[in-house]
1. So for the pair ASP59, ASN97, with labels modelled 7 Å out along Cα→Cβ, what separation do we get in nm?
2. Report the label-to-label distance for GLU142 and LEU181 in nanometres (one decimal), using points 7 Å from each Cα along the Cα→Cβ vector.
3. Just for the chain, what percent of DSSP beta bridges are antiparallel, to the closest 5?
4. If you compute Cα extents along the principal axes in Å for the structure shown, which of (i) 62, 35, 27; (ii) 46, 42, 34; (iii) 63, 52, 29 do you land on?
5. If you count, for each residue, the other Cβ atoms within 10 Å and average over each peptide, how do 28-39, 68-79 line up from highest to lowest?
6. What FRET efficiency would be calculated for the residue pair LEU48, LEU110, taking the C-beta separation as r and a Förster radius of 35 Å, to the nearest 0.05?
7. Roughly how many debye, to the nearest 20, is the charge dipole of the chain about its Cα centre, given +1 on each Lys and Arg Cβ, -1 on each Asp and Glu Cβ, and no other charges?
Amino acid sequence: MERRNLGLSLAAVLLTACLYARGGLALIPVIALPVAAHELSHVAALRLLGQRITGLTLDAQGLCIGYDGTCSPLGHILAALAGPLGGALYALVGLTNVPWLKQSACLSLLLTAFNLLPLMPLDGGRVFSRLCVLALGETRGERLCRAVSAALLTLLLLGGVILAAWKKSTAPLAAAIWLLLFQNE
């Protein structure tokens with residue numbers, strides 16, 4: 001992969017600045033390590049499937065991995081599941097008595113569970129979409145995937161609004177809004 005195929009968007013820089021303002025330098029490895037374990041697992045799976053990595057871009061959608069070559073539907077499913085698997089393995093290894101590492105492992109478990117939701121652009125959404133198309137055909141599979149995504153996204157938005165109104169947490173609402181923005185990606 002050539003150096004010019006690495007990208008960083010303004011949204012990613014702003015998000016990093018917000019995280020720094022919220023928790024200082026100590027928060028960076030707590031977040032960066034589980035994200036790296038997740039994304040490197042995707043890269044490893046794609047390489048094992050014979051794909052050539054053509055670029056990495058960090059933007060508002062997340063870390064996007066560009067690759068070329070053809071991949072079977074099963075290959076796409078395995079590559080999508082590799083990230084959550086890597087995140088879960090990192091979480092198991094990180095559950096120690098070291099406070100920041102334990103916090104990072106818990107965050108990794110949370111991100112892994114979230115990432116397995118059957119909503120695009122999450123890994124769970126990519127897997128669910130492929131399985132729906134394989135089981136029901138292109139048209140019916142995509143229709144089912146959109147209906148399930150709409151229902152789950154509505155529940156997540158509603159839950160996020162309720163939690164924000166009770167002043168418990170704004171994170172679910174922010175996650176739902178982020179998912180809503182990238183449903184068609």
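Read the figures in this text as sums done on the coordinates, not as results from a lab. What you see is a predicted model; the values in this text were computed from it and never measured. Backbone-built Cβ (ideal geometry, glycine too); neighbour counts: all protein chains shown.
1. 4.7
2. 2.5
3. Expressed as a percentage, antiparallel bridges in the chain total about 70.
4. Only one listed value fits the structure, namely (ii).
5. Sorting 28-39, 68-79 by mean packing, highest first, produces 28-39, 68-79.
6. 0.85
7. 260
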